[in-house]
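Following: one structure in C-alpha cells, then a few remarks.
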Amino acid sequence: MGQVLSPKLEQILREQQITETEPGTILHDFEAFLEFIATNQIITSGKNHLLPLACLALLNARMAQPIESRLKRPQQKSYPHLHGLYLLARATGLMRVQKHQKDAVLVVDSAAMESWIGLNHTERYFALLEAWFNRASLEMVGERSGWGGELQSRCLIIWQHIPEKGLKIDKSREQSVRYWELHNLALMELFGLLRIKHGEPQQDKGWIIDCIERTEFGGALLSLIAGSRSMEEILEDLFREDDEEASGEVVFNAYQELLQPYFPEWRQA
C-alpha cells in the first residue's frame with residue numbers, strides 16, 4: 001500500500017540534507033560512541049554486558065548535547081541517548097561482546113566497520129534508522145522483548161501523542177513519558193524526528209525533559225514510512241519473533257526503494 005505525500009511533505013524530504021548534525025546529531029554521536037568503544041577496553045557490566053558505570057560520564061561528555069545526570073549511581077539507561085546508541089551499535093553488528101580472559105569486553109567488529117566506512121552520510125543515517133526500527137530488540141539491552149519491528153511501531157505511537165503545538169512535560173505527564181521509554185525519545189531527538197527542550201537538572205534525577213515538539217522532517221519521514229505498509233504487514237511484524245543480532249556486515253536497505261527518490265545520495269546499502 002503506497003503512501004501519497006502532499007507536495008509540502010515531499011518538498012521537506014527533498015530539501016533535507018543529511019550531515020553529521022542534520023536533521024539531528026545521530027551521526028556525530030554514533031561516531032563518537034564507536035570511537036570510544038574502539039579506543040578503550042570496555043569491560044562490560046552485569047549479565048547483559050552493558051556499559052560500566054565508570055565510562056558513562058566520559059562517554060556522555062562526547063555527545064553533541066550531553067545531559068546532566070545528578071543520580072548518585074547512574075546506570076546505562078540513566079543516560080537514554082547512550083542507551084539508544086548502545087542498542088544501535090548492537091543492532092547493526094558494528095559492536096559485539098567478546099570474551100577476554102575472565103571478562104567480557106565490547107569491541108568494534110572489523111568486518112562490519114569496513115562496510116560502514118564505505119557509506120556516505122545519507123546511507124549511514126538510513127542504515128541506523130532501519131537498525132533501530134526493524135532490527136533492534138530490547139533483549140539487546142537486557143529487557144524483555146519478543147516483537148520484531150516493535151520499535152518502529154512504538155515510535156509511531158509516540159509521534160501520535162505529541163500535539164502539533166508540542167507537549168509540555170509537567171509532573172502529571174512524567175509517568176507517561178517514561179512509559180514511552182526514554183531511549184526511544186532520545187533516539188527520536190538524535191534522528192531529528194522530535195525537538196526536545198532539556199529541563200534544568202534536579203537532585204537525584206537523570207534526564208529532565210521540559211518540552212517535546214514534532215519536527216517537519218519527522219512528520220514527513222514517518223508519514224512516508226507508516227503509509228508504505230499495510231496493516232497486515234504491521235501486525236505481522238508485531239507478532240514475529242526476531243531477536244537475532246546482526247553480525248559481520250552492514251546491509252540495511254529495506255527503506256531504499258521508498259526513500260531513494262527523495263534522497264538520491266543513497267546509492268548503496
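Observations, loosely collected:
- Residues whose placed amide H lies under 5 Å from that of ILE208, excluding near-sequence neighbours: GLY199
- By a 1.4 Å probe calculation restricted to protein chains, ASP103 has an accessible surface near 60 Å², given to the nearest 10.
- Spacing of the two label points (7 Å from each Cα toward its C-beta) at LYS205 and LEU5, in nm: 3.7
- Distance between modelled label sites at GLN101 and GLN41, nm, 7 Å Cα→Cβ extension: 0.6
- Distance in nm between pseudo-label sites at ARG62 and GLN75 (7 Å out along the Cβ direction from Cα): 2.3
- At a probe radius of 1.4 angstrom, the accessible area of region 89-168 per residue rounds to 43 square angstrom.
- Summary: within the chain, the longest segment free of GluC sites (Glu not before Pro) located in DSSP loops with at most 10 other C-beta atoms within 10 Å is 1-163.
- Neighbour-limited loop hits for trypsin sites (Lys or Arg not before Pro), region 36-117 (at most 14 other Cβ within 10 Å; DSSP other than H, G, I, E, B): LYS47, ARG70, LYS72, LYS102
- The string of couplings for region 53-65 from the Karplus curve (6.51, -1.76, 1.60, θ = phi - 60°) is 3, 4, 9, 4, 5, 5, 6, 4, 5, 7, 6, 4, 9 Hz, one whole number per residue in order, with x for Gly and Pro.
- On the basis of the beta-carbon distance and an R0 of 22 Å, GLN260 and THR19 show a calculated FRET efficiency of 0.75.
- Length-normalised contact order for the chain - Cα pairs under 8 Å, 6+ apart - percent: 29
- Hydrodynamic radius (Kirkwood) for the chain, which is based on Cα pairs only, to one decimal in Å: 19.1
- What a 1.4 Å probe finds exposed on the chain is 47% carbon and sulfur by accessible area, rounded to a whole percent.
- Near the amide H of LEU50, within less than 5 Å, lie the amide hydrogens of SER45, all on another chain or at least 5 residues away, with H placed in the peptide plane.
- Rounded to the nearest 500, the helix-only mean residue ellipticity at 222 nm of the chain stands at -12000 deg cm²/dmol, with each DSSP H run of n ≥ 4 adding -39,500 (n - 2.57).
The values are calculated or read from the model by the stated rules, or taken from the named source; none is laboratory data. Since the structure is predicted, the reported quantities are computational estimates derived from the model, not experimental observations. All Cβ positions, even for glycine, are placed from backbone atoms using ideal geometry, and neighbour counts span all protein chains on display. The protein model used for the area step is the full one, side chains on, heavy atoms only, and it has no ligands, DNA or RNA in it. Shrake-Rupley method; radii C 1.70, N 1.55, O 1.52, S 1.80 Å.
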